[in-house]
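The values are calculated or read from the model by the stated rules, or taken from the named source; none is laboratory data. Everything numeric here is computed off the predicted structure, so don't read it as measured data. Here the Cβ positions follow ideal geometry from the backbone for every residue, glycine too, while neighbour counts run over all protein chains shown.
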Amino acid sequence: MNSPRKRPGLGKGLDALIPMGAMPGDSAESAAGVVEVGVGQIKPNPRQPRAHFNPQGISELAASIREHGIIQPLIVTKDQDAGGYILIAGERRLLASREAGLEKVPVVVREATDQQRLELALIENVQRADLGPLETAEAYLQLSEEFGLSHGEISERVGKSRVAVTNTLRLLNLPPSVKQALLEENISEGHARALLALPTSQSQAAALQTVIEKKLSVRQTEALVRKLCGEKPPISEHPAQLPEVAEIEERLRSALGTKVSMKYGSKGGTITVHYYSDEELDALLAKILPE
């Protein structure tokens, strides 16, 4: 039995999803390569997952464009309904070009579906680490709900582990106050994931206030959450965690893509691996028990 053919993944770059060479059915513009079109002819990508652009960063890019021009062309597709073009990738460059006063910009014209427009915009931002965790989660949600992709299929496209995709999507379950704190970078994604272990939105919001007021680290936040959940602090022969144990914990967390806690004692100990969904459990088992 033949294995199913894998779709191109975002982790392989833009060319993996929509090859940049000429293809059957391409327009003459596309086949010719880079062309220049009027800035006013390009509409924003309605599938752009990034909601926030740093004004200072746009101004700095505009200054660079005035000096050196646009080095990397934008990627667009033709708007078959209203005419002109729809942006696929390069929104920062487009915004900066407008600020720099450019009348035309270099583009590559490609054929693209709604799903491809979202995937291409997502890869550009993810590869440059431009998206915040909530923006990434919203983009994953669109791929899941609107296009029917599983967490595993999303992970293939964005070059992330399935566990990472699932964990990022879980951030959308946070109450508004915690989401706002994450958006404003008052807490990190690690803090937010720790707060998800609390059973209610009210308890998560209350714990958030403690985290911010006391400037708790992620590890301290995890300890606070365990306390609020009624877990007893681990009994250890060592009052402070040894650096070697902390390093092992961190290596396990990185390898498995989820929270791992280790209790060390001179006569043995335990390693606890946490998971938050059946899909995440499947992904962990596949890593720990490879076929």
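The table for this structure:
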| read-out | value |
| --- | --- |
| Odd one out for Arg170, checked against (1) more than 25 Å from Val76 (Cβ to Cβ); (2) at pLDDT below 90 | (2) |
| Segment 186-228, residues that are part of a helix (DSSP H, G or I), in contact (Cβ under 8 Å) with a residue 12 or more places away in the chain, closer than 17 Å to Ser261 by Cβ and of a type in the set (A, V, I, L, M, F, W, C) | Ala194, Leu195, Val218, Leu224, Val225, Leu228 |
| For Leu102: the one exception among (1) modelled with pLDDT of 85 or more; (2) within 30 Å of His191 (Cβ to Cβ) | (2) |
| Residues within segment 257-271 that are within 28 Å of the chain's Cα centre (by Cα) and outside any strand (DSSP E or B), tallied | 3 |
| Lys263 being in contact with a His (Cβ under 9 Å, 6 or more places away or on another chain) and of a type in the set (Lys, Arg) | no |
| Ala16, sole failed condition from (1) among the aliphatic types (A, V, I, L, M); (2) modelled with pLDDT under 80; (3) assigned to a loop (DSSP other than H, G, I, E, B) | (3) |
| Residue within segment 138-156 that is in contact with a Gly (Cβ under 6 Å, 6 or more places away or on another chain), among the aliphatic types (A, V, I, L, M) and outside the structural domain of Arg253 (by TED's automatic domain parsing) present | no |
| Residue in segment 168-179 that is among the polar types (S, T, N, Q), without any contact (Cβ under 8 Å) to a residue 12 or more places away in the chain and buried (at least 18 other Cβ atoms within 10 Å of the Cβ) present | no |
| Matching strands (runs of 3 or more DSSP E) fully within segment 52-113 where at least 3 residues are out of contact with any Pro (no Cβ under 9 Å at 6 or more places or on another chain) | 74-78, 85-89 |
| Flag if Arg193 is surrounded by 15 or more Cβ atoms within 10 Å (Cβ to Cβ), within 19 Å of Ser161 (Cα to Cα) and modelled with pLDDT of 90 or more | yes |
| Selection within segment 180-190 - of a type in the set (D, E, K, R) and either over 14 Å from Glu135 (Cα atoms) or buried (at least 16 other Cβ atoms within 10 Å of the Cβ) (or both) | Glu189 |
| Residue check, Gly230 assigned by TED's automatic domain parsing to the domain that holds Asn54 and modelled with pLDDT under 90 | no |
